[in-house]
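This report concerns only the one structure given below.
FYI, it's all coordinate maths here, none of it is from the lab. Source: prediction; values computed, not measured. Methodologically, a virtual Cβ is constructed for each residue, glycine included, from the backbone with ideal geometry; neighbour enumeration extends over all protein chains shown.
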Protein chains: 2
Amino acid sequence: MKRCILVILDGLGDEFIPDLKGTPLEYINEKLETLNYMVKNGIGGLHYPFKPGIPMSSDTAHLTLFGYDISREYSGRGYFEALGANVEIRDGDVALRFNFATVREDNGKLIIEDRRAGRISTEDSKILAKDLQQALLDAGLPVVVKNTTEHRGILIIRPEKNELSWKITDTDPHEINEPILKSQPFEGLSPDEHKAAQVTANTLNEVTKIAYKVLSEHELNKLREKKGLPKANAILARGAGKAVRLTSFKEKWGFKPAYVAAGALYKGVARGVGMDEIKVEGATGTVNTNLEAKVQGVIRALERGYDFVFLHIKAVDNLSHDMKPLEKAEFIAKIDKALKPLRELDDVVITVTGDHSTSSLRGRHIGMPVPILMWSDRIRRDRAERFYEDELVTKGGLGFIDGINIIPLMMDIADRVMEYGLRPSPKPVFYIGATGEPLKI
Amino acid sequence: MKRCILVILDGLGDEFIPDLKGTPLEYINEKLETLNYMVKNGIGGLHYPFKPGIPMSSDTAHLTLFGYDISREYSGRGYFEALGANVEIRDGDVALRFNFATVREDNGKLIIEDRRAGRISTEDSKILAKDLQQALLDAGLPVVVKNTTEHRGILIIRPEKNELSWKITDTDPHEINEPILKSQPFEGLSPDEHKAAQVTANTLNEVTKIAYKVLSEHELNKLREKKGLPKANAILARGAGKAVRLTSFKEKWGFKPAYVAAGALYKGVARGVGMDEIKVEGATGTVNTNLEAKVQGVIRALERGYDFVFLHIKAVDNLSHDMKPLEKAEFIAKIDKALKPLRELDDVVITVTGDHSTSSLRGRHIGMPVPILMWSDRIRRDRAERFYEDELVTKGGLGFIDGINIIPLMMDIADRVMEYGLRPSPKPVFYIGATGEPLKI
């Protein structure tokens, strides 16, 4: 049985960029020594993370890539955000991500001017969050407010007399010059669920109103105004989610899993499925992250006995959102260099892919298929010799697969999976080693 | 409308074999006159039998290739094993395949030393099975024990007061040096189903204990020990299955189907879906099988009015399990020669593929896609000119398909399928000729 390494370059895969005469991956391809080596001596293809044409959020995409059926097993992003930010979330809670934002009042509506309040500093956010928390407690609202980094924060709503539901809409309209929205229950809920969602939405709406009042009058915002900084006078909430107990990655696939990631959401998803963290100095989730140290973290994890390691590199996506295709390409080349030590590992199956494609012309996630390679010392090979979209379309021996099939394919190459139909265990698992109890005579 | 021939080379498709500088199919490709002719004048591709990365057992793979949805219509391998071995199985019965095996007692557990008791002879097995049957009857257990070939046998559990269920785990751990397992109900059954499964599992566990006692003390085993042969002192059961009434192949697709196969399991699956047997002298399911006679059997079936013939050739898989890639390649070349007369047939659609890929480096089924070709005198052609994995990846006009789509594709080429939406028949069938009752005026 081999160990498995899943390398996710967030937002890998792109569109035709006229200036580059191809995708970023295609443009930079000649410099990709490691990735080209791996696909040449391995097998490639493309995956639609969920369904063709559906641009995935990072949390749903990662869950799918980890083999979870998000159409059944997903219950909102807020849980993973809270987990990733080390904010305690209990059974029954509903958690949301929020931004400190700048709004103006217009005819009784709050119109958004800046969704991130000028990327307010973590120091300022901390002060505002603390005072907002106190005001909400004074108002008798059962909520927890925690800032995380810069404009980001987590809002936890706790149940009191009534149960809560995560099936409520965002107050964040996701666009500037739009009003903050009233949170509402999803349509089509059962009466009980509707009631729970209404209670939750009401609390969120109340929090949003109080936040505007408290923050507008806050001394710090007056100071910010004097300095010419945008006021952080509102909060925009999104991605309500409840604490869930997902089948752990270990129980599902039989691995002892670890992760190397810096972004809070990715840590949250990895923790949510029960992976252990490998801490790495200098991992930041930005272009300045210490790529070499992250790769050494993967190797250290294997040495410590983990047999599945998830390595997440975020900034490929950031550069796409910032619409910098050339910088995206160059950053991929940097990653390629950093990944080189992985080639020296024995008894591993390595997959390199993205969680979704991101267009660096449009600055958003897109539903186009994502390049993927699998490499091992014993594997079916194909004719693909270069790691970029078109080469994999025409020569990729995996063809077009669904994201949810990636882990089974890696396990198959790693000799970790039983034939379909064998059933030594009462549990519906299919990894080698899953057995029931011995017969006592 | 054309007749259809489905040729399954069991375990076709492989990995990169360093010594052969490619897969066995790629290595031997220049010698494949018939298969290359067919793909050059036809259309090729690859299929994932069930899902990418899932290595299929032969029974589930064949059912899928016959167009059955195993996630809904499968109820265990035992039924097909029993059918193939000509062991009577009645409604309500649960059937299991078993092996005579060699175990040692260790701390109340039975540790497996040889899963096939040194491939014990059919003669010896027959004696043991007969005496085991008697002992189980004496113990009042409602079971039938039949040996088939060598170490193989069928165990039928009959219902008495209580209903039975096939949803029980194997006692066979599928590995040596592991203990025989206690059979248990699958997790997640309804209370009624759990009860039925518990009754069935209890009987199997009782049989397993009695078998160890009776066989350990059997005179024949004492004799075997003297001769230096491993004792056949235990049975390992697996693949519990119940008698099912699958929609027949005829009813589902409108064919009058026949099969040419030697292996018991393949006969069982073909019988289970209602195909008629074409008996062929010298068909053995081994490398020594009479390939020419089997192909003549196919032609004879067409002459006798069958319009669908399933031809199964087993030894491609055996050579992969034995990790003999060169012999696998050479045997495929032998098959290629034998298939030549099929080129002379008129009005046929011929598909050649495998039920799953088997790695001849690892000696096991793998979840990689399987080469497929379809040939007819009137068909969309593609650029593929050679029948091997990479050629089909890069030039296969069918692309990557699921195993369950093979029969509809053949029927489409054969002009046997109605447009989606046409509905002259009350039944949910879609073959040409399916109609309801005439209107009386």
*Along the principal axes of its C-alpha atoms, what lengths does chain A span, in descending order and rounded to whole Å?*
69, 65, 40
_Nonlocal amide H pairs with residue A:120, under 5 Å, H built at 1.01 Å_ = A:151
_I'd like the mean, over residues of B:104-111, of how many other protein chain beta carbons sit within 10 Å of each residue's own Cβ._
2
*For the protein assembly as shown, with only Lys/Arg (+1) and Asp/Glu (-1) charged at the beta-carbon, what is the dipole magnitude about the Cα centre, in debye rounded to 20?*
720
_Degrees separating the helix A:325-339 axis from the principal Cα axis of chain A, which is the longest one_ = 50
*With all pairs of different alpha carbon atoms counted, what Kirkwood hydrodynamic radius in Å does the range B:1-81 show?*
15.4
_Net dipole in debye of chain B [+1 Lys, Arg Cβ; -1 Asp, Glu Cβ; about Cα centre; nearest 20]_ = 540
*Taking chain A as a Gaussian network, Cα atoms linked when under 10 Å apart, which of A:418, A:56, A:374 shows the biggest mean-square fluctuation?*
A:418
*asked:* Whole-Hz ³J(HN,Hα) for each residue in the range B:281-295, computed from phi via Karplus 6.51 cos²θ - 1.76 cosθ + 1.60 with θ = phi - 60°, x for glycine and proline: what do you get?
replied: 5, x, 7, 10, x, 10, 5, 8, 4, 8, 4, 4, 5, 5, 5
*With point charges of +1 on the Cβ of Lys and Arg and -1 on the Cβ of Asp and Glu, referenced to the Cα centre of chain B, which listed residue (B:339, B:103, B:438) lies farthest in the positive direction of the dipole?*
B:438
*If the convex hull is drawn through the Cα atoms of the range B:206-321, its volume per residue in Å³*: 155
*If each residue's Cβ is checked for other Cβ atoms within 10 Å, how do B:404, A:8 rank with the fewest at the top?*
B:404, A:8
*Name the residues whose placed amide hydrogens come within less than 5 Å of the amide hydrogen of residue A:262, ignoring near sequence neighbours (fewer than 5 apart) on the same chain.*
A:285
*How large is ³J(HN,Hα) for each residue in the range A:107-121, as worked out from phi by the Karplus curve 6.51 cos²θ - 1.76 cosθ + 1.60 (θ = phi - 60°), to whole Hz, x for Gly and Pro?*
6, x, 10, 9, 8, 7, 9, 8, 6, 10, 6, x, 6, 3, 5
*What is the projected area of the convex hull of the Cα atoms of the range B:69-216, averaged over all directions, in nm²?*
9.4
*Distance check, please: which entries in A:40/B:328; B:130/B:242; A:167/A:222; A:31/A:252 exceed 28 angstrom between their Cα atoms?*
A:167/A:222; A:31/A:252
_Test item: Cα-centred dipole of the range A:82-242, Lys/Arg +1 and Asp/Glu -1 on Cβ, debye_ = 360
*asked:* Looking at chain B as a GNM with Cα springs under 10 Å, which of B:327, B:15, B:217 has the largest mean-square fluctuation?
replied: B:217
*Fraction in percent of alpha-carbon pairs per bin - 10 Å, the range A:389-437*: 23, 39, 24, 12, 3
*Amide H to amide H under 5 Å from residue A:47: which residues, 5+ apart in sequence or cross-chain, H placed 1.01 Å off N in plane?*
A:370, A:372, A:401
*asked:* Explain nothing, just compute: Karplus ³J(HN,Hα) = 6.51 cos²θ - 1.76 cosθ + 1.60, θ = phi - 60°, for every residue of the range B:144-150 in order, whole Hz, x for Gly and Pro.
replied: 10, 10, 10, 7, 10, 10, 6
_Set A:256/A:279; B:209/B:231; B:267/B:395; A:427/B:51; A:227/A:279; A:427/B:250 screened for pairs whose C-alpha atoms are more than 26 Å apart_ = B:267/B:395; A:227/A:279; A:427/B:250
_Let me check I've understood the local charge: for residue A:124, count other residues with C-beta under 13 angstrom from its C-beta, Lys and Arg +1, Asp and Glu -1. What total comes out?_
+4
*Grab every C-alpha pair in the range B:23-151, bin the distances at 10 angstrom width from 0 up to the longest one, and report whole percents.*
10, 23, 28, 23, 12, 5, 0
*On a 0 to 90° scale, report how tilted helix B:191-216 is relative to the longest principal axis of chain B, with both axes built from alpha carbons and the result rounded to the nearest 10.*
60
*At q = 0.11, 0.14, 0.15, 0.23 Å⁻¹, work out log10 I(q)/I(0) for the range A:290-369 with the Debye formula, treating every Cα as an identical point scatterer and leaving solvent out; two decimals please.*
-0.35, -0.54, -0.61, -1.08
*asked:* Quick check on packing: order A:246-258, B:311-323 by the mean number of other C-beta atoms within 10 Å, highest mean leading.
replied: B:311-323, A:246-258
_Cβ-based exposure ranking for B:244, B:280, in which fewest neighbours within 10 Å come first_ = B:244, B:280
*What average number of partner chain Cβ atoms lie no more than 10 Å from the Cβ of the residues making up B:43-54?*
5
*Pick out which of B:276, B:412, B:19 has the largest mean-square fluctuation in a Gaussian network model of chain B, springs linking Cα atoms closer than 10 Å.*
B:19
_If you take each beta carbon of peptide A:381-390 and count the beta carbons of other chains within 10 angstrom, what is the mean?_
2
*Hey, any idea what the orientation-averaged projected area of the convex hull of the protein assembly as shown's Cα atoms comes to, in nm²?*
45.1
*Sorted from fewest to most neighbouring beta carbons within 10 Å, what does the list A:26, A:281 look like?*
A:281, A:26
